[in-house]
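These notes are about the structure you will find just below.
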Amino acid sequence: MAIKSVSAIKNLLAIYLIIFHCSCLFSQEARTIYGKVVDEKNKPLTYVNIHLVKSKTGAITNSEGKFAINSLLPKDTLIASFIGYHSYITAISRNTNELKIQIKQAPVELSEVIVTNKTAAELIKSAIVKIPENYEQEPFLSKVCYRGKISEKDTLLYFEETAFNVIKSYRPSFGDKYFLFKNRNFKLTSKPFFLKGIGTFDIVKDVSKWFDSGFFRKQEATYLPGTSINERPTFVISISPKSGEAPESKIYIDVEDLAFVRFEMNKENGDQKEAQYLKIDGKYYLMNGHSLHLNKHTFPVKHIIPAEADIVTTAIIHSFAKDSIEGIPVSTDDILESYTTQSNDTAFWQTHEALLPDRKILQALTTRNSKIKSSASHGQDCLPLDQTKRLYLPQLKLIASSDLDKDFSSLNQNSVSVHLLAYHLLQKNIHSRLWGLLVSCAYYSLSNIVEEVFSEKQLLAINGVRPKMNLLGSTLGQSYLYNLSDDAMHNYKTAHYGDFMRLHTLRADGHFAKSMALEEELAKVDLSNKNNKIDFIFLYSYELLAQKFSLIYNPWSNNVKRKNASIEKQPLLTDRNRSWVKYLYEPETDYLRHIQKEDLTREERKYLKRSAFLSWMNLISSQLIGISKIRIDKNNAFTFSLNYLRAPFGEVFQQNFWLTTKQKQLHGLFLRQYRTHRKTGFGIGYKLYDVRVMHNTNLTSSLDLWQQPANLQFKDTKFKSGLHVEQMLEDQCIPEKYTRKNKLSLFVGYDYKTQGYLPQSYYLESHLNIKTGFMVFF
């Protein structure tokens, strides 16, 4: 036994020595090669492509001609290529640590390059047709290094660096997936600005947007003298607007493959976009890009703050597994500052900067280090996805039920989803923020009229009353239902008093339900994330503010009566406020289509004014001013709002609290008071959001308990208990292939209430709804 033990120990020692030797060998091979590229006059060259053939890794030179590239193999071949210059090719080994490269110009005669009978425009169209042949159609993983900076008058104000994993394909239907692996940023000024996302550098990927149907009608394409890129003859095409209002752009196309190899695009406003492609193993890939955006400001004085960005592909990997993708999924429009990680991990950035910092950046960081304000989470790994939850991803959520046309709750939830998607599309496709806001306002105004009148029509239909509907009426914006006589309305009031009173409050109920849906979404995220703040400003704030202000009452406001029209053609409710308080106090009063101020008693007028004053409580909301989280401690936070509603029996006061525990689980607590003429009842509601019950399946449950007037009338002396319970199961059935995001969810659930008033329901009597629906992400 002793001999066997000694033998086993020797074997383990040998294995350990082999592993130790291999690890040492690997650490020697995984190294960084530094270098500098100059021309024949020893002038540094910027944006020279540096490529390792076997490793398929890349880098580019900075403004001083310097570069750094990671070598993963003991032996490889390094190629330095630049437009109009001979490529420099050299072998590298373990001993290669630093290189000085001098490349020479390689002029190409016009006659040597252009051997085609096509016009310049036709050549561009031919290159577009050959994109599927020249660019990789199967998904591949690329490692990308990005840097953005803002400067003013040669003074660096801000810069950020990011390491991305990107799943790409040049197939038009494939949406590239960006994964943020590491990010850091430094603000060197107190000025309030930021870089919004990395934008789009890959012009070939977005060729349909750049070269749309109007491009060749507005642009003049002509040949320039040819050149060479990476020792390959290249067409050079000049693009100039026929109006002559923008500087010249250039497109470079490989002569043999008819592939786009370089773009130098200049816009009328001074913005620039460059993209460089390299042929690797028979296909072309984006290797680096540069963009310049001139932020033009006129207040308080006219000045320009340029924002520059560079992107470099450092590695291309064709065979990869889903688990090998590092980072959290982000959009190219995201504000990267919100995802800052590993700011002080200098070792990481020294080995992953494919574009070395220039002297301006190094000097700014060195001399002003004490003043740097970094939003980094020091020493922390990439933020968990649930802590970087986005407020809005383009989506459409539609819910149906067993009472499809009479489901007030689903109607309002669907409305919120449609509105937010509409606002998103308007903001995305209308470049002017002002025009986007104006169109959004017009859309909301029209859709709001339709929803309000439709809701009232459905409430009447439940009781067999079918008036005619006029969305605009004789006066634009004065929507109403008509074609019922005073006698018919009096009979409706007598037979269905509760629903008749509900007709006065239903519009406010709808706005309350929508504002609650919006506040729930806001409670799930953190608005300190600048991406969420942008979504809030341009999507949620307008919608939430509009819904909240619709709950503010003017006690003496009237709908305009239609002039010179018969009684049947007058609006059913021309004065909701006075009508509500009149029938609240005097339920036996005959129906009167138009109630004057003098028709109200002193007590009724006082109550109406009080109600209008209390309605301003609806604007008390931390979320309304962009504060979605009030921190209790590191892992727990809350948000709140107040609500006041006119009800068929009097008033409802509601205090809403949303508590986030362990940084991700959301709870809702709702405290209510139901007030009549002399008595007050109480209620409480609790909602638990998105609890994971099994893989990709979440459950949201809510329970409401109350004591409300027994007959739901203002002068009831007895109160009756009731409840409402709702559960909705979400199955995220089609997840995206490469991310944890979901493409399609299916919903199923139920909604049950006993007799009582619930703002989200048409029904005052007990009712059961079976619900189903879907949510699709775009």
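Annotations
- Mean-position separation - Cα centroids, the stretch 61-106 and the stretch 755-778, in angstrom: 66
- Counting only Cβ charges, +1 for Lys and Arg and -1 for Asp and Glu, the dipole size of the chain around its Cα centre is about 1640 debye.
- Take every Cα pair under 8 Å whose residues are at least 6 apart in sequence, average their separation, divide by the length of the stretch 631-778, and the relative contact order is 14 percent.
- Take the Cα of LEU723, step 7 Å toward its Cβ, do the same at LEU545, and the gap between the two points is 4.2 nm.
- Probe 1.4 Å, accessible area per residue of the chain, Å²: 47
- Percent carbon-and-sulfur accessible area, the chain, ignoring ligands, DNA and RNA, probe 1.4 Å: 56
- CD proxy at 222 nm, helix term only [per DSSP H run n ≥ 4: -39500 (n - 2.57); per residue of the chain; nearest 500]: -8000 deg cm²/dmol
- Principal-axis tilt of helix 433-462 within the chain, Cα atoms, nearest 10 degrees: 40
- Two-site label geometry, TRP435 and ARG692: point separation in nm, points 7 Å out along Cα→Cβ: 4.5
- For the stretch 670-777, the convex hull drawn through the C-alpha positions has a volume of 101 cubic angstrom per residue.
- Charge-dipole axis of the stretch 458-546 as Lys and Arg at +1 and Asp and Glu at -1 on Cβ define it, positive-most pick from ALA546, THR505, GLY464: GLY464
- Extension gain from LYS389 to HIS86, taking 0.36 nm per residue of separation minus the Cα-Cα distance: 104.2 nm
- At R0 = 35 Å, FRET efficiency that the Cβ-Cβ distance of TRP210 and PHE774 yields, to 0.05: 0.50
- Axis of helix 2-29 versus longest Cα principal axis of the chain: the two differ by about 90°, to the nearest ten degrees.
- Burial ranking of peptide ranges 424-436, 739-751 (average Cβ count within 10 Å, highest at the top): 739-751, 424-436
- Low-density loop positions, GluC sites (Glu not before Pro), the stretch 560-638 - DSSP coil, at most 11 other Cβ in 10 Å: GLU588
- Theoretical FRET efficiency, 1/(1+(r/R0)^6), r = Cβ-Cβ of GLN655 and THR189, R0 51 Å, to 0.05: 0.75
- Cα shape, the stretch 154-205, gyration tensor, a/c 1.5 rule: prolate
- Crossing angle, helix 602-614 versus the chain [Cα axis fit, 0-90 degrees, rounded to tens]: 10
- 20 Å reach of a label modelled at GLU268, 7 Å along Cα-to-Cβ, counting backbone N of the stretch 201-224: 209-222
- Largest-first principal axis extents of the Cα set of the chain (Å): 100, 90, 49
The values are calculated or read from the model by the stated rules, or taken from the named source; none is laboratory data. This one's a predicted model, so the numbers in the text were calculated from it and none came from an experiment. We place every Cβ from the backbone using ideal geometry, glycine too, and count neighbours over all the protein chains shown. Each accessible area value is taken on the protein alone, full model and side chains, heavy atoms only, with ligands, DNA and RNA left out. Shrake-Rupley method; radii C 1.70, N 1.55, O 1.52, S 1.80 Å.
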